[in-house]
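The values are calculated or read from the model by the stated rules, or taken from the named source; none is laboratory data. Please read these numbers as outputs of a predicted model, since none were measured by experiment. Quick reminder, even Gly has a Cβ in these numbers, built from the backbone with ideal geometry, and neighbours come from all protein chains shown. These accessible areas exclude ligands, DNA and RNA; they are computed on the full protein's heavy atoms, side chains included. Shrake-Rupley method; radii C 1.70, N 1.55, O 1.52, S 1.80 Å.
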Amino acid sequence: SMKLRKIGGYRSDIIAMSAIGSYGTTFIVAACVFLSAGVNAQGSTTQWLIPKNVSTPLYRGTTISTISVGLDYEVGFDITPQAATTTDWSNILHFTGTGTDCCEYGSRLPAVFFSPGLRSLTIVDGHTTNGNQYCQIPTQLPTQQTTTVRVEMLQTAVRIWYNDTMMCSEPRSDRSIFPNVVVYASNPWFAPGLASLGGLYYRSLAATSGFAEHTFVGPAPMQLTRNYLLGTADIPLDYEVGLDITPAGIISGWGNILHITASGENCCDYGDRIPALWFFSGTTRLLIIDGHGQLPTSGNDACPAAPELPIGFRTFVRLSMTQSAVHVYYNETLVCNETRSDRSVFYGASVYAADPWHNPANAAVANLYINDLSVTPINSTDLIVSRVNAQDIAIQNLSSLVSSLSTLITTQQTATSNLTSQIGTLNSTVAQLIRQQNDTVAMIGDVNTSLTRTNQILGDVSMALSTVNSTIAGQHDTFASSLNDAVRRINDTTIMINTTQSHLRSLRGALVAALGSVTSYTVAPGSTGSVDTSPAVTATGPDMALSAQAGRVLVSGSSCTNVDICEAMAKVQEVASALTQAATTV
């Protein structure tokens, strides 16, 4: 690393300065040996309680070592959880300076547990105010994978990292030194956690005099969360705050990124915002307030920076606050410069990312630090390193942009190819539709012609039917008239027949009455045979038989007049028979 910052508890100043001034092989090897021996630039020492390359299962009541712990120290270990969990609290690691489990300060320095039924860690460190104060981290550790956990316990704070990602930060106070601390893995009071442990170390962090450099977020990006306290720091008269900001989007309303407050208040006295950073509503433009004590209203003085930060890209923002001015840089380009006066020293200022008074910005931060400029003044080497860092970020952003453009071009080419193919398909479809439309138009013409011819035929048929109907109607009327006339004639004939029959009956009755005195018959003249000499027949009443066999008859003793009467009666009989037959036929 070329950054003049604390990385993982070590300072890289020596290596960075030597790398700039010389590339001597002997020095680099010596520096590597120096660091690997476990002594950092501030004189801190490391005690390995379980070797780095060893991983051992946990057993209840296993004592690892007895050590002494100071006011500022760090405990780290590698943990590999199993897939199974326990239904109750299970212990992984326990440092106790009292020989007891709980709950006075010193009994857990720290103690690390799996929460019931989970693989998430609860880490108890405590301090004089609350001996059982803890950080409970909801994120579960991955099974069958190793996670490096680092717990940094300072006089003013406790901070916990998973693989260099900060997971918890809380303020502490009134720490004590414990000379005889027993280290268990795991303790005798709880069932052991279902995991393997390795690389366990204790590192004392030498107390620093004056205003020390503070690193609150490492190189891994941390998503901003409301009311997330990173820790505390003392703020000198001349200091610098730097961080990498990667916006992911915009929000409505102020979006807080960083807020350092020595008063514990949001606004608006000097010390409330030293500094505080927000995105303006609906943008990624920064509002930066640092304040000073020149006037009662100067505590909320801002440094306006016009450019917006690019979404999806990392921007290194550096704020240099001295007794006479504030300077703001984006990737080492000055974007704001304001005069200041009457600065003050603040102790134990709270560092939030983001604060409890505003919604967090939709962004992530990394490499967040506070540096005392009076102890580490800006010099040419610092500027070179800062510009190298800014150039690295610019190169990363450019590389990301090139990659995005390349992806966009590939996507555009694919889209163009797909669009060309779709246009070809569309053209073919349109041509086919045009052909189908032309065929349809032709078919419609044929149908119209057929319909016209059909209408003509239907017209002819209609006329024919009208003629037929007229003819039928005329014939029906003629037939009905003829039939009615025939019926009338039949009725008239029937009446005439009946009348004639009545007259004939009357005539016959008269004839019968006239012939009532005839007592004998003779053969009429001109007939063959002899004279009938049979006894006389008396014929009386209307039923007297007049037979054709009688022939021409004569009444005995009478003239031919009787013969005429007999003939008349015979004719009458014939006419009556003929009329009877005619009536039956009708």
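Can you check what the net charge comes to around SER107, using other residues whose Cβ is under 12 Å from the Cβ of SER107 (Lys, Arg +1; Asp, Glu -1)?
For residues surrounding SER107, the net value is -2.
Would you calculate the separation in nanometres between label points at SER68 and ILE434, each defined as 7 Å from the Cα along the Cα-to-beta-carbon direction?
In this crude label model, SER68 to ILE434 measures out at 9.8 nm.
How high is the relative contact order of region 85-201? Use alpha-carbon pairs under 8 Å, at least six apart in sequence, and give a whole percent.
Computed over region 85-201, the figure is 28 percent.
Can you give the FRET efficiency to the nearest 0.05 for THR100 and VAL54, using r as the Cβ-Cβ distance and R₀ = 25 Å?
0.30
Please list 184-197, 57-70 highest first by mean number of surrounding beta-carbon atoms within 10 Å per residue.
In descending order of packing, they fall as 184-197, 57-70.
With labels modelled as points extended 7 Å from the Cα through the Cβ direction, what inter-label distance (nm, one decimal) is found for SER263 paired with ASP164?
Result for the modelled spin labels: 3.9 nm.
Would you please state the base-10 log of I(q)/I(0) at q = 0.13, 0.14, 0.15, 0.24 1/Å for region 117-168, with intensities from the Debye formula using one equal scatterer on every alpha carbon?
Result of the Debye calculation: -0.34, -0.39, -0.44, -0.97.
Give the residues of region 159-202 whose amide nitrogen is closer than 17 Å to a point set 7 Å from the Cα of SER400 in the direction of its Cβ.
none
Across region 103-194, how large is the tail of the calculated P(r) beyond 16 Å, expressed as a percent of all Cα pairs?
57
Would you mind calculating the gained length between VAL575 and ASP477 on full extension (0.36 nm times residue separation, minus the Cα-Cα distance), in nm to one decimal?
Here the answer is 31.5 nm.
At a Förster radius of 41 Å, what calculated FRET efficiency corresponds to the Cβ-Cβ distance of SER120 and SER421, to the nearest 0.05? Don't skip to the end; give the middle numbers.
Numbers: r = 52 Å, r/R0 = 1.26.
Approximately 0.20, to the nearest 0.05.
Pull up all non-local amide H partners of ASN359: gap of 5 or more, or a different chain, and H-to-H distance under 5 Å with H placed in the peptide plane.
Under 5 Å from the amide H of ASN359 lie the amide H atoms of ASN256, each far enough along the sequence or on another chain.
What is the local net charge at ILE288, summed over the other residues whose Cβ is closer than 15 Å to its Cβ (Lys, Arg +1; Asp, Glu -1)?
Values: positive: ARG273, ARG285, ARG318, ARG340; negative: GLU240, ASP272, ASP290, ASP301, GLU308, GLU338, ASP355.
In short, -3.
Provide the FRET efficiency to the nearest 0.05 for the ASN227-HIS327 pair, computing r from the beta carbons and using R0 = 30 Å.
The computed FRET efficiency comes out at 0.50.
Quick check for you: with a 1.4 Å probe and neighbouring chains kept, what is the accessible area per residue of region 277-327, in Å²?
On a per-residue basis, 36 Å².
Give the long-range amide H neighbours of ARG175: residues separated by 5 or more places, or on another chain, with amide H under 5 Å away, using H modelled in the peptide plane at 1.01 Å from N.
Correct list: empty.
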